[in-house]
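Report on the structure given below.
The values are calculated or read from the model by the stated rules, or taken from the named source; none is laboratory data. Keep in mind the model is a prediction, meaning the values are calculated, not measured. We work out accessible area using only protein heavy atoms, side chains counted, and drop any ligands, DNA or RNA first. Shrake-Rupley method; radii C 1.70, N 1.55, O 1.52, S 1.80 Å.
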Amino acid sequence: QVHLVESGGGLVQPGGSLRLSCAASGTIGSLSAMGWFRQAPGKQREFVARIRSNGNTDYADSVKGRFTISRDNAKNTVYLQMNSLKSEDTAVYYCYDFRTNSWGQGTQVTVSS
């Protein structure tokens, strides 16, 4: 089991940027695909981005070109760089380990003027 802790959320104006971090207490390992999901109030949790063991990435259409997922296996950390943020990006963002089916506790991102 891997314990995941997200950080970096907060309040940002439309058009701004944030970088989320997901630190793993255990070793995420080079074989783990890691991802980010988000859940807005009253909506289902949705996929945002994934980075595979070979470094390939996938993004939801709604964030493609604005968000970038990356990982540092030596630091057991996954990142989500979010640029050109929109009000519809407001949600709780969760880190996910596809290999162990582990979730973090989430970090709130609010995009508002």
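Things worth noting here:
- With protein chains left intact and a 1.4 Å probe, residues in the chain average 51 Å² of accessible area per residue.
- By accessible area, using a 1.4 Å probe on protein heavy atoms only, the range 42-113 has 40% of its surface on carbon and sulfur.
- Compared with the direct C-alpha span, the chain from GLN105 to GLN81 gains 6.8 nm at full extension, assuming 0.36 nm per residue.
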